[in-house]
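S.K.: Supplied in structure tokens, the structure appears directly below.
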Amino acid sequence: MSDNFPKAESADIVLLLEGTFPYISGGVSTWVNQLMRGMPEYRFAAVFLGSRPEDYGAVKYEFPENLVHLETHYLFSQTDMPPIETPRRNPGTSRCLHDIHASLRDPNTSSLPDRLRNIDFFFDPKNGIPQEEFLYGLDSWEYITEMYQTRCTDPSFVDYFWTVRNMHSPIWKLARIAKNLIPGRVYHSVSTGYAGTLGSLLHWHTKRPLILSEHGIYTKERRIDLFNATWVADRRSRLERDPSEISYLRELWIAFFESVGRMCYDASDTIISLFPEAQARQFDDGAKPERCSIIPNGVSIAPFAALHGQRQDDLSAPVLCLLGRVTPIKDIKTFIRSMRAVVNAIPKAVGWIVGPEEEDPDYVAECRSLVDSLDLNQHIQFMGFQRTTDILPQVHLLVLSSISEGLPLVLLEGFAAGVPAVCTDVGACRRLIFGEGDDTYGAAGDIAGIADPKALGVAAVALLRDPERWRNAQRAAIDRVERFYTDTLMFSRYRALYQQAHEASDLPIAPKT
Amino acid sequence: MAGIGFELRKLLRHDDYFGLIRAYSYAGIIGAGPWVISILGVVLLGILSTNHVFPPNLVSQFETSVTYLIAGSLIFSGIWQLAFTRYVSDRLFAREHDLVLPNLNGLLVAAMGSGFVLSGTATLFLFEGTGALYRLLMSALFCLLTGVWVITVMLTGLKHYRAIISAFVVGYGVALSVGLLLRPFGLVGLLFAFFLGQFLLFVGLLAVIYRSYPSRQFLAFDFLKRGQMYASLLACGFFYNAGIWADKIVFWFTPQTSQAVIGPLRASAIYDLPIFLAYLSIIPGMAVFLMRVETDFVDYYDQFYDAVREGGSLSHIRNMRNGMVTSAKTGIFDIIKIQSLATIVAFVIGPAVLRFLGISLLYIPLFKIDVVGAGLQVVLMGILNIFFYLDRRARVVWLTVIFFGLNLVLSIISTHLGLYFYGFGFSISLLVSVLIGLVWLDKDMERVEYQTFMLQPWSH
């Protein structure tokens, strides 16, 4: 499956990617691609972590030449499980399980317990816990049942058991990946979560620097996933169920991702966020301020600036566009509802939904039927994945209705192409629309609350009906992005970071090929 | 920012894992019941013909021929019995009812076809000095019996007990009555009557399948595809049947204990009759076994797996486990109790019965030890049955291999030790297998939840 990917003996920078490049097209993947292309002097390796092979389609990106090594691993694939056999019982195992969990549960420790830092822990049946022990061992079984009896408030044992199994199994896979990975001078993880855990393991195993770049806030996004997830069994009966209280198993997942996040912060030498609010959240989640810094995303200005000439800014028949994957996190439904208000005010307005639709087919179907029921078939088009350079010259207003965002690349691209935007108040959107500090270019659009279609519609209509204000917003958008959010600025900051990390790394420089 | 969190939802599919565990593959074990009926039918037909056919040794020729046919076809079809029954119950679990009939037809074609080639070759080259009609009837019967066993075991697995019993009663009733009419035609006449009875039995059993599992497709060989049948079940089906017959075969082919009867077939006058009579004593044990296992044990068993699947609490799961353990233990001890009683009764009235049937009292010691052995065989069936329910197929393979190996070796030794040791090979091999089985069962029962959860197969 991965055999025609580039392979190398070593690399300068090893990127740890979870569910993004090269299989999923989206903001982070694009950013990864951009980063590698922007720094041709470094040889990159990339480790893709996915759930199961069948969850991904074809590779979505052409590989940059300096991507010298790519491997893919599937954490929830069950094809490579060790043979089912009760392992030999080891007197220390039970004690070891208790100690490790006690230290992981202690709210005061944010660090990976010492004995887990040695990667052999995950393979050595004598002094550690190998995967066979976790999966088939009698001591593991006893420990799981003991924890269920003392801690779990959800009665269903089978659900508890599978939650524990699913939560833990990837760890041994990550340890195996870390053990077999080609040497790299610097590890760079693009999220916490599983990729971040791999980064921590690699950092402790090799003693080499780990850089963490967070585009969203992983734990927050998992929290949103988990709240929406119907797959986390909640078998409480209707009477038992208190809507304000989430099920124990959901809590378990959240706690897991949070503690994994803390350990990743602890292992990282440098922690990058995109904007100050995100950084504040990292502080809250346990990141040490002295290791944190901010590097906003940047876009290549030229290709978008070149589009300015193609624009026909006739606001009597405006095109409103939402650029993004059709998924609940982008809250496409709010955009559709807001279009109702827009069309009521400006009958010639049209809405485009531009983005891949394969991730959550059920949600796509729901969106389409919402369009039907709001009688917007004449006004809303699902256009699938498109090149932004083809789309943007025809668009008059970008709309972003997400319930969670980082620093959205599409907004920067839209700005560079001269398209103002109306966004929900998430991530760095407010900052991008209104500017901050020494940025006095003015408003590049407007902001509305989350899940408030009416406000979103009103803001869009107000902007589109006032050509003077719209033109000012366009000017502000172009000026802001060209001054603060260019790729050259971003590259120069990462270059400095890589340089510094390389100096700290003990791996001798590999001969360039 | 994608992450892989959102794909986690596809993971919780634990229902598949537990689904397959409940499959009724133990059926072949109970399938031993019908062959007791068969032996009885044949012995009865023989006894009733004794003074009506000439020369008198035709009766023993008939009995020996049929005994070989039953033994041979049971061992030969044993390979398929359990594995195919499991295949069928898996299909039913997956709601693929329409695959049952075509695959059964496929199996019958494969098993009966190869059975005919095997028996045809054997009668062609090994049965010198016997008539062509006799040879033809022998090969036809061998392949017919193979078909009968396969369907019987499958229907037992699917719990069509009543249909099986009716078909057997009709089949053997016809064989008996037609046999009495055809006595003047001697050996061939009796065999033909037997053939007719078996044919009706076969058709009757097949009719049950056609009625219960209709299908548009007529013939399929899906069961032969890789991974469709469990190799472990192929093995234990064979070893179980081979184990049951090992001691008899040893005695048939040891010159000091046997006589040539017809063609290459030999019988052991001293060994055969006591052991076949002893098998009569297992009827009460079999009844208790069926009752206990199919009621108490299965109740708890179902509740246990329901609790596992439907999200019961661990303490509830453990209670059901305990119920299962208790009912399994009670079941096995009840079998032991009732078999002990049956053994005592057999010891007391045995001599009288033997005298009534005109059999020499020299057989008494052998008869007694055979009664003990036959009783232990019921206990072994009970143990194997519970292992099948727990899906501990490896245990079953080992137990049947041990039983087969010991029965073969110890029986050979007993033929050398002399008259007073005859029958001990059979009984001791069963005693050892039962003890090992009980130890394993005790160990496994303590770990049922562990095995159910931790050692369940990955579905790929």
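S.K.: Checking the condition among the hydrophobic types (A, V, I, L, M, F, W, C), under 22 Å from B:Pro55 (Cα atoms) and without any contact (Cβ under 8 Å) to a residue 60 or more places away in the chain, which residue from B:Leu190, B:Leu133 passes? Spell out how you get there, then give the answer.
M.R.: Values: B:Leu190 fails: without any contact (Cβ under 8 Å) to a residue 60 or more places away in the chain.
It is B:Leu133.
For (1) of a type in the set (Phe, Trp, Tyr); (2) in a helix (DSSP H, G or I); (3) more than 30 Å from A:Thr150 (Cβ to Cβ), each residue gets a yes or a no:
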| position | (1), (2), (3) |
| --- | --- |
| B:Val293 | no, yes, yes |
| B:Asp296 | no, yes, yes |
| B:Tyr305 | yes, yes, no |
| B:Thr326 | no, yes, no |
| B:Asp334 | no, yes, yes |
| B:Val345 | no, yes, yes |
| B:Leu354 | no, yes, yes |
| B:Gly358 | no, no, yes |
| B:Leu362 | no, yes, yes |
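Residues checked against (1) of a type in the set (S, T, N, Q); (2) touching an Asp or Glu at 6+ places or on another chain (Cβ under 8 Å):
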{"position": "A:Val68", "(1), (2)": "no, no"}
{"position": "A:Pro87", "(1), (2)": "no, yes"}
{"position": "A:Ser103", "(1), (2)": "yes, no"}
{"position": "A:Gly137", "(1), (2)": "no, no"}
{"position": "A:Asp159", "(1), (2)": "no, no"}
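S.K.: If you take the residues of the range A:56-78 that are within 10 Å of chain B (Cβ to nearest Cβ), in contact with a Phe, Trp or Tyr (Cβ under 7 Å, 6 or more places away or on another chain) and farther than 13 Å from A:Phe21 by Cα, which of them is modelled with the lowest pLDDT? Explain how you work it out, then say what you get.
M.R.: Taking the range A:56-78 and keeping what is within 10 Å of chain B (Cβ to nearest Cβ), we get A:56, A:74-78.
Next, from what is left, pick out any that are in contact with a Phe, Trp or Tyr (Cβ under 7 Å, 6 or more places away or on another chain): A:56, A:75, A:78.
Still in the running and farther than 13 Å from A:Phe21 by Cα: A:75, A:78.
On the way: A:Leu75: 88, A:Gln78: 77.
For the range A:56-78, the residue satisfying everything is A:Gln78.
S.K.: With the requirement that a residue be in a strand (DSSP E or B), of a type in the set (Gly, Ala, Ser) and within 14 Å of chain B (Cβ to nearest Cβ), what does the range A:36-55 give you?
M.R.: Narrowing the range A:36-55 to residues in a strand (DSSP E or B): A:44-50.
If we keep only those that are of a type in the set (Gly, Ala, Ser) as well, we get A:45-46, A:50.
Once the filter is applied, which keeps residues that are in a strand (DSSP E or B), of a type in the set (Gly, Ala, Ser) and within 14 Å of chain B (Cβ to nearest Cβ), the range A:36-55 yields only A:Gly50.
S.K.: Further question: When the range B:108-121 is examined, which residues are found to be surrounded by fewer than 19 Cβ atoms within 10 Å (Cβ to Cβ) and within 24 Å of the chain's Cα centre (by Cα)? Even if it seems obvious, please write down each step before you answer.
M.R.: In the first step, residues of the range B:108-121 are kept if they are surrounded by fewer than 19 Cβ atoms within 10 Å (Cβ to Cβ); the result is B:109-110, B:113-114, B:116-118, B:120-121.
B:Val109, B:Ala110, B:Gly113, B:Ser114, B:Phe116, B:Val117, B:Leu118 - these are the residues of the range B:108-121 that are surrounded by fewer than 19 Cβ atoms within 10 Å (Cβ to Cβ) and within 24 Å of the chain's Cα centre (by Cα).
S.K.: Run down B:Ser327, B:Ser313 and say which single residue is within 14 Å of chain A (Cβ to nearest Cβ) and either over 28 Å from the mean Cα position of the chain (by Cα) or within 30 Å of A:Val158 (Cα to Cα) (or both).
M.R.: The conditions single out B:Ser313.
S.K.: Could you say whether any residue in the range A:168-180 is on the phi > 0 side of the Ramachandran plot, of a type outside the set (Lys, Arg) and part of a helix (DSSP H, G or I)? Even if it seems obvious, please write down each step before you answer.
M.R.: Looking only at the range A:168-180, we keep the residues that are on the phi > 0 side of the Ramachandran plot, and these are none.
Among the residues of the range A:168-180, not one is on the phi > 0 side of the Ramachandran plot, of a type outside the set (Lys, Arg) and part of a helix (DSSP H, G or I), which makes the answer no.
S.K.: Can you name every residue in the range A:194-208 that is within 14 Å of chain B (Cβ to nearest Cβ) and of a type in the set (Val, Ile, Thr)?
M.R.: Restricting attention to the range A:194-208, the residues satisfying the condition of being within 14 Å of chain B (Cβ to nearest Cβ) are A:194-198.
The one that is within 14 Å of chain B (Cβ to nearest Cβ) and of a type in the set (Val, Ile, Thr): A:Thr197.
S.K.: Considering only residues that are under 20 Å from A:Leu392 (Cα atoms) and either in contact with an Asp or Glu (Cβ under 8 Å, 6 or more places away or on another chain) or part of a loop (DSSP other than H, G, I, E, B) (or both), which ones fall in the range A:425-444? Walk me through how you get there before you give the answer.
M.R.: First pass over the range A:425-444, keeping only residues under 20 Å from A:Leu392 (Cα atoms): A:429, A:432-433, A:443-444.
Across the range A:425-444, the qualifying residues are A:Cys429, A:Ile433, A:Ala443, A:Ala444.
S.K.: Out of the residues in the range B:416-430 that are assigned to a helix (DSSP H, G or I) and in contact with a helix residue (DSSP H, G or I) (Cβ under 6 Å, 6 or more places away or on another chain), state the one that is farthest from the other protein chains (Cβ to nearest Cβ).
M.R.: Filtering the range B:416-430 for residues assigned to a helix (DSSP H, G or I) gives B:416-417, B:419-421, B:424-430.
Narrowing further to those that are in contact with a helix residue (DSSP H, G or I) (Cβ under 6 Å, 6 or more places away or on another chain): B:421, B:424-430.
Working: B:Phe421: 40, B:Phe424: 36, B:Gly425: 34, B:Phe426: 34, B:Ser427: 34, B:Ile428: 31, B:Ser429: 29, B:Leu430: 29 Å.
Residue satisfying both the conditions and the ranking: B:Phe421.
S.K.: Go over the candidates B:Gly375, B:Gly382 one by one and state the one that is at pLDDT 90 or above, under 17 Å from B:Asn241 (Cα atoms) and away from every other protein chain (no Cβ under 14 Å). Let's see the steps before the verdict.
M.R.: Numbers: B:Gly382 fails: at pLDDT 90 or above.
Matching residue, one of B:Gly375, B:Gly382: B:Gly375.
S.K.: Here's another thing I want to ask about it. What residue, among those in the range A:154-193 that are at the interface with chain B (Cβ under 10 Å from one of its Cβ atoms) and hydrophobic (A, V, I, L, M, F, W, C), is surrounded by the most Cβ atoms within 10 Å (Cβ to Cβ)?
M.R.: Step one: list which residues in the range A:154-193 are at the interface with chain B (Cβ under 10 Å from one of its Cβ atoms), which gives A:154-163, A:165-167, A:169-170, A:190-193.
Checking which are hydrophobic (A, V, I, L, M, F, W, C) leaves us with A:157-158, A:161-162, A:167, A:190.
On the way: A:Phe157: 25, A:Val158: 24, A:Phe161: 21, A:Trp162: 19, A:Met167: 17, A:Val190: 28.
Filtering the range A:154-193 for residues that are at the interface with chain B (Cβ under 10 Å from one of its Cβ atoms) and hydrophobic (A, V, I, L, M, F, W, C), the one surrounded by the most Cβ atoms within 10 Å (Cβ to Cβ) comes out as A:Val190.
S.K.: Checking the condition touching a Cys at 6+ places or on another chain (Cβ under 7 Å), in the same structural domain as B:Leu44 (by TED's automatic domain parsing) and part of a helix (DSSP H, G or I), which residue from B:Met112, B:Met154 passes?
M.R.: On the way: B:Met154 fails: touching a Cys at 6+ places or on another chain (Cβ under 7 Å).
Exactly one residue qualifies, and that residue is B:Met112.
S.K.: Oh, and also: Looking at B:Ser268 and the list (1) surrounded by 20 or more Cβ atoms within 10 Å (Cβ to Cβ); (2) hydroxyl-bearing (Ser, Thr, Tyr); (3) touching a residue at least 60 places away in the same chain (Cβ under 8 Å), which single condition is not satisfied?
M.R.: (3)
S.K.: OK, next. Of everything in the range A:115-149, what is under 14 Å from A:Ile84 (Cβ atoms) and in contact (Cβ under 8 Å) with a residue 40 or more places away in the chain? Give them in sequence order. It would help to see each step written out before you state the result.
M.R.: As a first pass, look at the range A:115-149 and keep what is under 14 Å from A:Ile84 (Cβ atoms): A:131-138, A:140-141.
Answer for the range A:115-149, where residues must be under 14 Å from A:Ile84 (Cβ atoms) and in contact (Cβ under 8 Å) with a residue 40 or more places away in the chain: A:Gln131, A:Glu132, A:Glu133, A:Leu135, A:Tyr136, A:Gly137, A:Leu138, A:Ser140.
S.K.: Cβ-Cβ below 8 Å, separation at least six or inter-chain, first residue in the range A:280-301 and in contact (Cβ under 8 Å) with a residue 60 or more places away in the chain, second among the charged types (D, E, K, R) and in a loop (DSSP other than H, G, I, E, B): which pairs?
M.R.: Cβ pairs passing all conditions: A:Gln282/A:Glu214.
S.K.: Is it the case that the range A:211-221 has a residue that's at pLDDT 95 or above, touching an Asp or Glu at 6+ places or on another chain (Cβ under 8 Å) and within 19 Å of A:Asp266 (Cβ to Cβ)?
M.R.: Yes, because at least one residue in the range A:211-221 is at pLDDT 95 or above, touching an Asp or Glu at 6+ places or on another chain (Cβ under 8 Å) and within 19 Å of A:Asp266 (Cβ to Cβ).
S.K.: Answer yes or no as to whether B:Phe142 is on the phi < 0 side of the Ramachandran plot and without any contact (Cβ under 8 Å) to a residue 12 or more places away in the chain.
M.R.: Numbers: on the phi < 0 side of the Ramachandran plot: yes; without any contact (Cβ under 8 Å) to a residue 12 or more places away in the chain: no.
No.
S.K.: Only one of (1) buried (at least 17 other Cβ atoms within 10 Å of the Cβ); (2) not in a helix (DSSP H, G or I) is not met by B:Ala260, so which one is it?
M.R.: Only one criterion is unmet by B:Ala260, namely (1).
S.K.: Residues in the range A:7-24: is at least one more than 10 Å from every other protein chain (Cβ to nearest Cβ), surrounded by fewer than 18 Cβ atoms within 10 Å (Cβ to Cβ) and either without any contact (Cβ under 8 Å) to a residue 60 or more places away in the chain or β-branched (Val, Ile, Thr) (or both)?
M.R.: no
S.K.: Quick check on the range B:131-138. Is at least one of its residues part of a loop (DSSP other than H, G, I, E, B), in the same structural domain as B:Val100 (by TED's automatic domain parsing) and surrounded by fewer than 20 Cβ atoms within 10 Å (Cβ to Cβ)? Steps first, please.
M.R.: Of all residues in the range B:131-138, those part of a loop (DSSP other than H, G, I, E, B) come to B:131.
Retained after the next criterion (residues that are in the same structural domain as B:Val100 (by TED's automatic domain parsing)): B:131.
Of the ones still in play, those that are also surrounded by fewer than 20 Cβ atoms within 10 Å (Cβ to Cβ) are B:131.
Yes, because at least one residue in the range B:131-138 is part of a loop (DSSP other than H, G, I, E, B), in the same structural domain as B:Val100 (by TED's automatic domain parsing) and surrounded by fewer than 20 Cβ atoms within 10 Å (Cβ to Cβ).
S.K.: Also, quick follow-up: For the list (1) within 14 Å of chain B (Cβ to nearest Cβ); (2) more than 22 Å from A:Ala175 (Cα to Cα); (3) part of a loop (DSSP other than H, G, I, E, B), I need the number of the one condition that A:Met81 fails.
M.R.: (2)
Residue-by-condition table, conditions (1) at positive phi; (2) of a type in the set (S, T, N, Q); (3) in contact with a Leu (Cβ under 7 Å, 6 or more places away or on another chain); (4) away from chain B (no Cβ under 14 Å):
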{"site": "A:Asp106", "(1), (2), (3), (4)": "no, no, no, yes"}
{"site": "A:Leu112", "(1), (2), (3), (4)": "no, no, no, yes"}
{"site": "A:Gly128", "(1), (2), (3), (4)": "no, no, no, yes"}
{"site": "A:Glu133", "(1), (2), (3), (4)": "no, no, no, no"}
{"site": "A:Tyr136", "(1), (2), (3), (4)": "no, no, yes, no"}
{"site": "A:Thr145", "(1), (2), (3), (4)": "no, yes, yes, no"}
{"site": "A:Cys152", "(1), (2), (3), (4)": "no, no, no, no"}
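S.K.: Just checking, does the range B:151-162 include any residue being more than 25 Å from B:Asn103 (Cβ to Cβ) and of a type in the set (Phe, Trp, Tyr)? Explain how you work it out, then say what you get.
M.R.: Going through the range B:151-162, the residues more than 25 Å from B:Asn103 (Cβ to Cβ) turn out to be none.
No, because not a single residue in the range B:151-162 is more than 25 Å from B:Asn103 (Cβ to Cβ) and of a type in the set (Phe, Trp, Tyr).
S.K.: Which pairs do you get when a residue that is over 29 Å from B:Ile270 (Cα atoms), found in the range B:231-251, comes within reach of a residue that is outside any helix (DSSP H, G or I), reach meaning Cβ atoms under 8 angstrom, with the pair 6+ apart or on two chains?
M.R.: B:Leu233/B:Ser25
The values are calculated or read from the model by the stated rules, or taken from the named source; none is laboratory data. Note that this is a predicted model, so its numbers are computed, not measured. Every residue, glycine as well, gets a Cβ built from its backbone with ideal geometry; the counts of neighbours run over all protein chains shown.
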